[in-house]
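One structure below.
The values are calculated or read from the model by the stated rules, or taken from the named source; none is laboratory data. Source: prediction; values computed, not measured. No Cβ is skipped: glycine too gets one built from the backbone with ideal geometry, and neighbour counts run over all protein chains shown. Heavy atoms of the whole protein, side chains included, go into the accessibility calculation; ligands, DNA and RNA do not. Shrake-Rupley method; radii C 1.70, N 1.55, O 1.52, S 1.80 Å.
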Amino acid sequence: MEIRYATYLTTLECIETEDIGYDNTILDYKIDGGEWQNALTSDMNNGFIKNLNKKLIFKHQIELRLRDYDAIGYDDELGTAVIDPDAFEGQVAFTGDGAHYTLDWSTEPYLIEELEAGEDDFNRRPLEPDAMQTEIETLTDLNTKALNALPSLFSNGFAPALSRLSATHARMAAGEEGLEPSRLEQARTLLSKLEINPIRGLLKEFSNEQYGTIMLCGDIDTSTVFPARMGMGYGIAISMDLTWYRVFVDAGIGFGTNVGASGSFWFGFNRNTPDNVGGATFDVVRGFNWGGLNGSIATSFDLALSAPNIQEVCYGMQAGSPMERSGGLTYCYVFTKYLM
């Protein structure tokens, strides 16, 4: 499925008008080669700032043009620009005919319809609780070993290393150049966090169970819309041989107690290789309190199959509760491949 994006046009600022006095400013946009549509028509003067709050959904690119309307002649073209998915945020300058305007914008993956499609699929074929529990119980031994490994992973600098690498990818996506050496060094630093025991042994055991990817991720933000909780996450999906990875973002909506607390970090395993990680899953989240260690286990079931099938299991340290019980839908989109 082809991913869509949401671009938010936030503010248009007039630094210098094209005319003496006011410009009759017209801002238009075109989505994926479609028809021109109007985003703003307003009189602007030096120092004026217009809050646009305009959300545009697209797949490939957005074209922008800024004009000064002239009632008795041709409109003055003040500039054009193109926004594509390669950057997360930016500022466009329009400087035609001696004018100077700036437009601020930001872009993020647009996953609402993907989540709704996953919910419709789940409603058509709800997973049987007994069958789900049987699948979860098959991982009891591995869950115990993973919980034993959590303190080692979280005390050896995994979370800061993941945050630094994710920040570098965000800067690269925003168009900053010259970051490849830093990215590679940070990826190898993160890799070193997985080479310690007992993490290394855990990777081998999950690999024997036909898991093909290790997931390292964190929550960005979670908003509560009672009774549902919605949240976004970020991370990387690493091949089980620790040679390459892909960056991912996910969005989820859940129902239950204490769903999706923000400020958490997770690690886990997916049965697919990083090439095939992603899509919609139904997640069961359970809190744990094990020897003073608090967090959550999330078990994900593939929505594309008619029978319950565990696609992913993740273990997280978060502001959760040992009594946490919840279920929800998550859509994960995976981006570019990188070597470690």
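Among the residues of region 304-327, those identified as at pLDDT below 85 and open to solvent by less than 10 Å² (accessible area, probe 1.4 Å) are Gly316, Glu324.
Take the residues of region 48-98 that are of a type in the set (Lys, Arg) and part of a strand (DSSP E or B): which is surrounded by the most Cβ atoms within 10 Å (Cβ to Cβ)? Applying the filter and picking the extreme gives Arg67.
Here's the yes/no breakdown for (1) under 22 Å from Leu339 (Cα atoms); (2) modelled with pLDDT of 90 or more; (3) assigned to a helix (DSSP H, G or I); (4) under 16 Å from the mean Cα position of the chain (by Cα):
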{"position": "Leu190", "(1), (2), (3), (4)": "yes, yes, yes, no"}
{"position": "Asn197", "(1), (2), (3), (4)": "no, no, no, no"}
{"position": "Asp241", "(1), (2), (3), (4)": "yes, yes, no, no"}
{"position": "Val249", "(1), (2), (3), (4)": "yes, no, no, yes"}
{"position": "Ile253", "(1), (2), (3), (4)": "no, no, no, yes"}
{"position": "Asn258", "(1), (2), (3), (4)": "no, no, no, no"}
{"position": "Gly263", "(1), (2), (3), (4)": "no, no, no, yes"}
{"position": "Phe269", "(1), (2), (3), (4)": "yes, yes, no, no"}
{"position": "Asn289", "(1), (2), (3), (4)": "no, no, no, no"}
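Of all the residues in region 134-143, those that are surrounded by fewer than 14 Cβ atoms within 10 Å (Cβ to Cβ) and part of a helix (DSSP H, G or I) number 4.
Go through region 113-128 and count every residue that is open to solvent by 40 Å² or more (accessible area, probe 1.4 Å) and either in contact with a strand residue (DSSP E or B) (Cβ under 6 Å, 6 or more places away or on another chain) or touching a residue at least 12 places away in the same chain (Cβ under 8 Å) (or both).
Within region 113-128, residues that are open to solvent by 40 Å² or more (accessible area, probe 1.4 Å) and either in contact with a strand residue (DSSP E or B) (Cβ under 6 Å, 6 or more places away or on another chain) or touching a residue at least 12 places away in the same chain (Cβ under 8 Å) (or both) number 6.
Go through Ala131, Ala161, Ala146 for me and flag whichever is in contact with a Lys or Arg (Cβ under 8 Å, 6 or more places away or on another chain), of a type in the set (A, V, I, L, M) and open to solvent by less than 60 Å² (accessible area, probe 1.4 Å). Answer to the selection: Ala161. Restrict the check to region 69-88 and report whether at least one residue is under 30 Å from Val284 (Cα atoms), out of contact with any helix residue (DSSP H, G or I) (no Cβ under 7 Å at 6 or more places or on another chain) and of a type in the set (Val, Ile, Thr). The answer is no, given that none of the residues of region 69-88 is under 30 Å from Val284 (Cα atoms), out of contact with any helix residue (DSSP H, G or I) (no Cβ under 7 Å at 6 or more places or on another chain) and of a type in the set (Val, Ile, Thr). If you go through region 99-127 and keep only what is more than 15 Å from the chain's Cα centre (by Cα) and assigned to a strand (DSSP E or B), you end up with His100, Tyr101, Thr102, Leu103, Asp104, Trp105. Cβ-Cβ distances below 8 Å connect the following pairs, each with a first residue in region 130-156 that is under 13 Å from Cys314 (Cα atoms), a second residue that is open to solvent by 40 Å² or more (accessible area, probe 1.4 Å) and in a helix (DSSP H, G or I), and a separation of six or more residues or different chains: Leu142/Glu205; Lys145/Glu205.
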